[in-house]
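Asker: Shown below is the structure under consideration.
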Amino acid sequence: MSGTSAALQPPADAVTPVRHPDAPAPGELLGAHYGQCFGCGDEQPHGLHLQARAGEGVSITARFTVQAAHQGAPGLAHGGVLATALDEALGSLTWLLRTIAVTGRLETDFVQPVPVGTVLHLDARATAVAGRKIYCTATGRIGGPDGPVAVRADALFIEVKVDHFIDHGRAEEIQAAMSDPDQVRRARAFEVNP
């Protein structure tokens, strides 16, 4: 990525990320962590509905279709929506590490416009881990997984405890998520970056 800041360069003592033994198998659909998540939630009418699949190692592939509600300029995806798609794909990597983490820093390059109706193919991978810091990178391509790069990002995620969400989330949503009778949905609501 051009101009990546020093904050996104792993330190000399960083290690290679290791896929958790209980991580979803390569090719497995990860699904939404929370129905109201703008990035992956299926209960968000104007959300991205990003669908991510586990890849090899600590990588995922994902895709989403740019809808009319995602426009910035007429007929083109809003840059913030594209950054959100990259952030969501990068955040999905934590499922493979089996850790809870939030975005600490995200740097995005917009390489070419992305028209409404485009399916954006995303590829993300964790590149290094240093203590609570997880370094990762992603690209978004038009026309298929091998198509031209439209957007790319480097990011730093910070491992947190579930208390992060309880202490900072709005009480009504926290209580609703914690009261969900479905134990799996209840646990997943707090697994991926907000």
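The values are calculated or read from the model by the stated rules, or taken from the named source; none is laboratory data. No experiment lies behind these values; they were computed from the predicted model shown. Cβ placement follows ideal geometry from the backbone for every residue including glycine, while neighbour counts extend to all protein chains displayed. For the accessible areas, the whole protein counts, side chains as well, though only heavy atoms, and no ligand, DNA or RNA atoms are used. Shrake-Rupley method; radii C 1.70, N 1.55, O 1.52, S 1.80 Å.
Asker: If you scan segment 1-39, which residues turn out to be open to solvent by 70 Å² or more (accessible area, probe 1.4 Å), of a type in the set (A, V, I, L, M, F, W, C) and farther than 24 Å from residue 150 by Cβ?
Answerer: Residues satisfying the conditions are 6, 12, 15, 18.
Asker: Could you give me the residue pairs with C-beta distances under 7 Å whose first residue belongs to segment 5-16 and is touching a residue at least 40 places away in the same chain (Cβ under 8 Å), whose second residue is among the charged types (D, E, K, R) and surrounded by 10 or more Cβ atoms within 10 Å (Cβ to Cβ) wherever it lies, and which are 6+ apart or on separate chains?
Answerer: Close Cβ pairs (under 7 Å, with a partner that is among the charged types (D, E, K, R) and surrounded by 10 or more Cβ atoms within 10 Å (Cβ to Cβ)) amount to 5/107; 7/105; 8/105; 8/107; 8/154.
Asker: Would it be correct to say that residue 50 is touching a strand residue (DSSP E or B) at 6+ places or on another chain (Cβ under 9 Å), under 20 Å from residue 20 (Cβ atoms) and not hydroxyl-bearing (Ser, Thr, Tyr)? Quick ask: steps written out before the conclusion?
Answerer: On the way: touching a strand residue (DSSP E or B) at 6+ places or on another chain (Cβ under 9 Å): yes; under 20 Å from residue 20 (Cβ atoms): no; not hydroxyl-bearing (Ser, Thr, Tyr): yes.
Here the answer is no, as residue 50 does not meet what is asked.
Asker: Only one of these conditions is not met by residue 172: (1) in contact with a strand residue (DSSP E or B) (Cβ under 9 Å, 6 or more places away or on another chain); (2) farther than 19 Å from residue 57 by Cβ; (3) at pLDDT 70 or above; (4) open to solvent by 20 Å² or more (accessible area, probe 1.4 Å). Which number is it?
Answerer: So the condition that residue 172 fails would be (1).
Asker: Only residues that are part of a strand (DSSP E or B), among the β-branched types (Val, Ile, Thr) and open to solvent by 30 Å² or more (accessible area, probe 1.4 Å): list them for segment 85-136, please.
Answerer: Filtering segment 85-136 down to residues part of a strand (DSSP E or B) leaves 101-110, 115, 119-130, 133-136.
Narrowing the set further to residues that are among the β-branched types (Val, Ile, Thr) leaves 102-103, 108, 119, 127, 129, 134.
Scanning segment 85-136 gives 103, 108, 119, 127, 129.
Asker: Output the residues belonging to segment 74-89 that are among the hydrophobic types (A, V, I, L, M, F, W, C) and over 12 Å from residue 40 (Cα atoms). So that I can check it myself, show each step before the final result.
Answerer: Filtering segment 74-89 for residues among the hydrophobic types (A, V, I, L, M, F, W, C) gives 76-77, 81-83, 85-86, 89.
Across segment 74-89, the qualifying residues are 76, 77, 81, 82, 83.
Asker: I would also like to ask the following. Hey, among the residues in segment 43-75 that are open to solvent by 90 Å² or more (accessible area, probe 1.4 Å) and within 12 Å of the chain's Cα centre (by Cα), which one's nearest to residue 85 (Cα to Cα)?
Answerer: 63
Asker: Within the bounds of segment 32-40, is there any residue that is closer than 20 Å to residue 135 by Cα and hydroxyl-bearing (Ser, Thr, Tyr)?
Answerer: The answer is no; no qualifying residue exists.
Asker: Under 6 Å between Cβ atoms, at least 6 apart or on separate chains: pull out the pairs that start in segment 61-75 with a residue that is in a loop (DSSP other than H, G, I, E, B) and end on any residue that is among the hydrophobic types (A, V, I, L, M, F, W, C) and surrounded by 14 or more Cβ atoms within 10 Å (Cβ to Cβ).
Answerer: From segment 61-75, the pairs are 66/77; 66/114; 66/116; 75/116.
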